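K.L.:
Here it is, the structure in full.
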Amino acid sequence: MSKRAFLALIAGLAVVFLASAGAGVWLVGAGRDAGGEGSDLVGGPFRLTDHTGRAVTEADFAGTLKLVYFGYTFCPDICPAGLTTISGALDLLGADAARVKPIFVTVDPERDTVAALAAYSEHFHPRFSFLTGTPEQAAAAAKAWRVYVQKVEAEGASDYLVDHTALTYLMAPKGGYLAHFGHDVTPERLAEAIRAAL
């Protein structure tokens, strides 16, 4: 890796960290309400395609607690670590994991085809739905969740990185925002928060 490409990678990871930290400032304490339905601060309608090729909307996931994570399959470390944490939390929940729906939404629909997501899904918890779509559909979903997305292309490199907000959103069965977690959350802490919301 050239020095310029390395610096671009470091700068990209810094942006991801800052975007995640910044998002945490405006989300803290915003989601809970007396009815447990959450707030409309993030989230909303979407139309995407899952890793089996099935067209889905937000209505397909209604009635269950959701963990929503935005990322991409070419992500070198943060995304796989986040999905591994979610998978670990679901394992800790045991039978209660059936009451939770983890959802991965790509921020890189150009490379994250249905086939690519199907292959990627084999590395994580079987309850996951991996979603992609057209660039416009993916951008609309990211906007609804206030997710920062920026393609970073290093000079002379054949591939590119995607800077993006690295948060796990906990969403109520009716779709409202309840809480969020940074990339440093442990499976144990995440499982504890999920149990409290069930």
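The values are calculated or read from the model by the stated rules, or taken from the named source; none is laboratory data. Keep in mind that this is a model prediction, so the values were computed, not measured. We place every Cβ from the backbone using ideal geometry, glycine too, and count neighbours over all the protein chains shown. With ligands, DNA and RNA removed, areas are computed over all heavy atoms of the protein, side chains included. Shrake-Rupley method; radii C 1.70, N 1.55, O 1.52, S 1.80 Å.
K.L.:
At 1.4 Å probe size, with no ligands or nucleic acids counted, give the accessible surface of Val114 in Å², nearest ten.
P.N.:
Answer for Val114: close to 50 Å² accessible.
K.L.:
Could you state the number of Å between the C-alpha centres of region 125-198 and region 48-90?
P.N.:
Using only Cα atoms to place each centre, the spacing works out to 7 Å.
K.L.:
So, one more: Less than 12 Å Cβ to Cβ from Glu188, Lys/Arg counted +1 and Asp/Glu -1: what total charge do the surrounding residues give?
P.N.:
On the way: positive: Arg189, Arg195; negative: Asp91, Glu192.
Charge balance in the 12 Å sphere: 0.
K.L.:
Amide H of Gly43: which non-local residues (sequence gap of 5 or more, or other chain) have their own amide H closer than 5 Å, using H built in the peptide plane?
P.N.:
Answer set, sorted by chain and number: Trp145, Arg146.
K.L.:
Let me ask another. Which trypsin sites (Lys or Arg not before Pro) from region 45-97 combine a DSSP loop assignment with at most 14 other Cβ atoms within 10 Å?
P.N.:
Arg54
K.L.:
So what is Rg over Rh here for region 113-198, counting just Cα atoms and using Kirkwood for Rh?
P.N.:
On the Cα set of region 113-198, Rg over Rh gives 1.00.
K.L.:
Now a separate question. How much solvent-accessible surface does Leu198 expose, in Å² to the nearest 10, with a 1.4 Å probe and all protein chains in place?
P.N.:
Approximately 60 Å² of Leu198 is accessible to the 1.4 Å probe.
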